[in-house]
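Colleague: I'd like to ask you about the structure that follows.
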Amino acid sequence: MANAALKRRRPKYLSLTALLFEIRLPLPGWVSILHRISGALLVFPLTAWLLYLLDQSLVSEEGFNHIKDHYLQMPVAKAGLLVFIWAFCHHFCAGIRFLLLDINKGIELPAARASAVLVLGVSLALTAYFGYRIW
Amino acid sequence: MVNRVVVGAHYGMGSWLAQRITALIMAVYTVIVAIVVIDEAPFDYAEWRELFAEGWMRVATLLFAASLGWHAWVGARDIWMDYVKPDGLRLALQVSTILLVACYLGWTVQILWR
């Protein structure tokens, strides 16, 4: 089965170069690590930023207009919103996939692969849609 | 008779379940609020203010914030437990997470009931 060349490179240890260049994560693995990364981003700093936006937009009419007509018109703020939208959509879609896996829906390999592709695709499509709407 | 087992494999079960229940609460809130917001957009200040003055919206948003806090605590703790090995540093990060979540909750209440 395994040829000699492959065998010589065993065992393989985890290192930064191994993680970045040698270990190929399968797509469900990407969904999983991106779920964790997007979750971390949502806890900090994105929740703080969104609370700031909600606060300013509700405190007064000037605050609302400033957020709407100036603050959120800045490219960097729009880019931040785009990051938020992707992180939220990915975390949402991947989370629903995990909930279904928890109740044993779609745990066979072909179904799990297909749902991983679906999660990555749908969250990118939603990001593109909402990105288009805010831009 | 109280017979609590202080070691064992089942102490994460409560957190695991809480994370999933809070996820469902937040998912339902997200879908409802997204539909309302997309349906009624664009907002001017008066309409926006009115939306967050509704009783159901305030209570639902507070429920969302509480769910987020609990969900985020479980998730953040998982990350610290997976990647941060020194006990002191991990404890500091966990305490910081609790403080951050508490600040978010306080801020949310302040925004909603001003």
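What follows draws every value from the coordinates through simple rules; no lab data is involved. Since this is a predicted model, take the numbers as computed values, not measurements. Cβ atoms come from the backbone with ideal geometry, glycine included; neighbour counts cover every protein chain shown.
Colleague: Volume per residue, Å³, of the convex hull around the alpha-carbon atoms of the range B:12-112?
Modeller: 112
Colleague: Would you list B:SER15, A:SER123 from fewest to most Cβ contacts within 10 Å?
Modeller: B:SER15, A:SER123
Colleague: Among A:THR47, A:THR17, rank each residue by its count of other Cβ atoms within 10 Å, from fewest to most, as a rough exposure measure.
Modeller: The fewest-first ordering by Cβ neighbours comes to A:THR17, A:THR47.
Colleague: Helix B:55-83 versus the longest principal axis of chain B: what angle, 0 to 90°, nearest 10, using Cα atoms?
Modeller: Compared with the principal axis, the helix lies near 30 degrees.
Colleague: Right, next: Between B:TRP113 and A:LEU27, what is the spin-label point distance in nm, taking each point 7 Å from the Cα along the Cα→C-beta axis?
Modeller: My value for the distance between the label points is 4.8 nm.
Colleague: Stokes-Einstein at 20 °C, 1.002 mPa s, Kirkwood radius from Cα pairs: D for the protein assembly as shown in µm² s⁻¹?
Modeller: Calculated translational D: 103 µm²/s.
Colleague: Could you check the spin-label model distance between B:ILE35 and A:GLU61? Points 7 Å from the Cα along Cα→Cβ, value in nm.
Modeller: Each label point lies 7 Å from its Cα, and together they span 3.3 nm.
Colleague: Suppose only helical runs count, i.e. DSSP H with n ≥ 4. What mean residue ellipticity at 222 nm does that imply for chain A under -39500 (n - 2.57) per run, divided by all residues and rounded to the nearest 500 deg cm²/dmol?
Modeller: It lands at -23500 deg cm²/dmol.
Colleague: Right, here's the next one. What span do the alpha-carbon atoms of chain A cover on each of the three principal axes, reported in whole Å from largest to smallest?
Modeller: On the principal axes, chain A reaches 71, 35, 24 Å in Cα extent.
Colleague: If you don't mind, there's one more thing I want to ask. Over chain B, calculate the relative contact order: mean separation of alpha carbon pairs under 8 Å at least 6 apart, over the residue count, as a percent.
Modeller: 33
Colleague: Rounded to the nearest 500 deg cm²/dmol, what is the calculated helix-only ellipticity per residue at 222 nm for chain B, with -39500 (n - 2.57) per DSSP H run of length n ≥ 4? Let's see the in-between values first.
Modeller: Details: 4 runs with 91 residues, N = 114.
Rounded to the nearest 500, the figure is -28000 deg cm²/dmol.
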